[in-house]
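First up is the structure itself, then whatever we jot down about it.
Throughout, read-outs are computed from the coordinates displayed, never taken from laboratory work. Predicted, not measured: the structure shown is a model, and the values here were computed from it. Cβ sites come from the backbone with ideal geometry, for glycine too, and all protein chains shown count toward neighbours.
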Amino acid sequence: MNRAEGPGFGRGQGSVGTLRGVTERVCDVLIVGGGTGGTAAALALADSGLKVILTEETDWIGGQLTAQAVPPDEHPWIESMGCTARYREYRERVRLRYRLARNLRPEAFSNKRLNPGGGWVSHLCHDPALGHEILREMIEPARARGLLLLLNTKPISATTSNDQVDSVIVRSSETGEDTIIRARYVLDATETGDLLPLTGTEYRLGAESKSETDEPNALDGPAETDNVQGITWCAAIGWDPEGDHTIEKPREYDFWLNHQPKGWPVKLLSFQMLHVQRGELVDFPLFSDNWFSLFTYRQIVDPAVHTVPTEAATIMNWPMNDYYEGTVIDVDEATTAARYESSKQLTLSMIYWMQTEHGYKGLRLRPDLTGTKDGLAKSAYIRESRRIVARHTIREQDVASYTNPGMILPPKVERSVGIGAYRIDLHPSTNGRPTIDTSTLPFQIPLGSLIPVRVRNLLPACKNLGVTHITNGCYRLHPVEWNIGEAAGLLAAFCLKNNLEPTQVDENPEAWGNFEALLHRHGIDTDWPRFRAL
């Protein structure tokens, strides 16, 4: 892989200028991508006194929590432990906003563990538009202290020298103007690891072979770069049982109506799916009084908690609208755009199918919940990214339950920057490989998984850390990505203030001890309780 090359530059702070008609900015830390991890990184840097720039491709920060419209997937202990203090603050702000403004019934108002939407995928299913409002409120003090937030802005190129990123060039989708941003540290918080190829940072994509990782579920043959989890273009839909909200027939409807993916036992547009543990067909009706109900699965508006008539609403992030006809990473722009559009068409086709084939005409798209004109999310839900080649790569045997028999927690990580818990949950892949699903033990986030093997001033700040295709399946969820972003932000600040590089923090016991103390002061737990069952 070729590295982008470019001249070095003076490390100024806060300056703005022009270079050959292009705006030029200089900062201490550039965060590219304002998703869950990027927003968390910016919040972690708010009190650092450093000049920070945060860019985001859409007009919403928050990523999975907001622009992708994915209710937070969390572990069973989230109400009492297992996330950072800032993530807990976000959760409690969500509940407070509902108590103050959402006309809750007394029993809901007094419920300390209020689940506003009532969905069973999470302890806190909520309106993504509200989530964006809260994150903007949380980040506002940082903006008042100088954080520059550039929305509708994406990276297009970069320059490097001496194993460092010198600058990143970003482009505004509103004005078409380019900005050169020179930074002392660069955090890649993009959803697909976009800075890695632009900066020549070594990365992996797709599934590794067993010979590379020795993972039990890895491929017996060669690695497959096209073996990437499918994406989902989520949508918010409400239920108006007396109405008729049938949408126009989607352009690709006839294709999706008859489509049966490779390895899938029925047509994709169906109320059935393959049970990932039992390997048998399971009915998932739209509405049901039992656990298997698609509507209540990710329900984000629950009429039962309100004192005034309120329309139920849910998020469509179901196996039936997972798109895995092809990857959107490391393909040409036209192919990426076509596949994103086709994933939207799949979601719309599922809605139309429910309305016309099953009589659910009362289903209606809810743009008020997604901040879009059509009720679809602002951006696709990306489960799997490019991943840095890191000093420490997390493998299946490091975290899986069945590879650590009799243990409550996996072997302890010497230098951990956070904790998380979630199943290894891999959705079907874009080359036809099936789901991989297995339980894990509550795990840690190794410092070395945030440090590239060569590039000295670039850090991953979301799901692009040093994981494998398999362990990506448990490190990609909301509270873990938030923790990764916070830790990356604090690592950049610590290195700048102490004139250190990340590898030195990983290798020097004194430096590590001081950084670990900084993490703890910021409310980041680096280990799970070791002497009691979780």
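Specify whether the C-alpha gyration tensor of the chain places it in the rounded, prolate or oblate class, a ≥ b ≥ c being the square roots of the eigenvalues: rounded for a/c under 1.5, otherwise prolate if a/b is larger than b/c and oblate if not. Let's see the in-between values first.
Details: a/c = 1.41, a/b = 1.37, b/c = 1.03.
The shape class here is rounded.
The dipole here belongs to segment 231-370: it is taken about the Cα centre, uses +1 on the Cβ of Lys and Arg and -1 on the Cβ of Asp and Glu, and is about 180 debye.
At most 11 other Cβ atoms within 10 Å and a DSSP loop assignment: could you name the GluC sites (Glu not before Pro) in segment 147-216 that fit? Intermediate results must be reported in sequence, preceding the final value.
Working: sites: GLU174, GLU177, GLU191, GLU202, GLU208, GLU212; in loops: GLU174, GLU177, GLU191, GLU202, GLU208.
Answer in residue order: GLU174.
For segment 24-41, the residues whose backbone nitrogen is under 16 Å from a point 7 Å from the Cα of GLU177, taken along Cα to Cβ, are 24-26.
Report the GluC sites (Glu not before Pro) located in segment 331-431 that are in a DSSP loop and have at most 14 other Cβ atoms inside 10 Å of their Cβ, or state none. Present the calculation step by step, with values, prior to reporting the outcome.
On the way: sites: GLU333, GLU341, GLU357, GLU384, GLU396, GLU414; in loops: GLU384, GLU414.
For GluC sites (Glu not before Pro) across segment 331-431 that sit outside H, G, I, E and B with at most 14 neighbouring Cβ atoms in 10 Å, the list reads GLU414.
Can you tell which of GLY375, SER293, HIS123 lies farthest toward the positive end of the dipole of the chain, using +1 and -1 charges on the Cβ of basic and acidic side chains (Lys, Arg; Asp, Glu)? Checking the options against the dipole of the chain, the answer is HIS123.
Label-to-label distance for HIS358 and MET407 is 4.2 nm, based on points extended 7 Å past Cα in the beta-carbon direction. When peptides 268-275, 321-328 are ranked by their average number of other Cβ atoms within 10 Å per residue, the highest-first order is 321-328, 268-275.
Magnitude of the Cβ-charge dipole of segment 427-534, K/R +1 and D/E -1, about the Cα centre, nearest 20 debye? Display every interim value, and only then the final one.
On the way: 9 positive and 10 negative charges, 52 e Å.
Dipole size: approximately 240 debye.
Determine, for each peptide in 296-304, 93-101, the mean count of other beta carbons within 10 angstrom over its residues, then list the peptides with the highest first. Don't jump to the answer; show the numbers that get you there.
Values: 296-304: 20.9, 93-101: 15.9.
Peptide ranking by packing, descending: 296-304, 93-101.
If you take the Cα centroid of segment 252-310 and the Cα centroid of segment 175-241, the two points sit 27 Å apart. Spin-label model, ASP283/THR225: points 7 Å from Cα along the beta carbon direction are separated by 4.6 nm.
If R0 is 41 Å, the Cβ-Cβ spacing of ASN498 and GLU248 corresponds to a FRET efficiency of close to 0.10.
In this simple spin-label approximation, ALA517 and ARG454 carry label points 7 Å from Cα along the Cα→Cβ vector, and these lie 3.6 nm apart. Counting only Cβ charges, +1 for Lys and Arg and -1 for Asp and Glu, the dipole size of segment 195-260 around its Cα centre is about 140 debye.
Which order, highest average first, do 397-404, 514-521, 375-382 follow once you tally other Cβ atoms within 10 Å for each residue and take the mean per peptide?
Details: 397-404: 19.1, 514-521: 15.8, 375-382: 23.4.
Going from most to least packed, we get 375-382, 397-404, 514-521.
Here the 3J(HN,Hα) profile of segment 257-263, calculated from phi with Karplus coefficients 6.51, -1.76 and 1.60 at θ = phi - 60°, is 4, 9, 7, 10, x, 4, x Hz, Gly and Pro shown as x.
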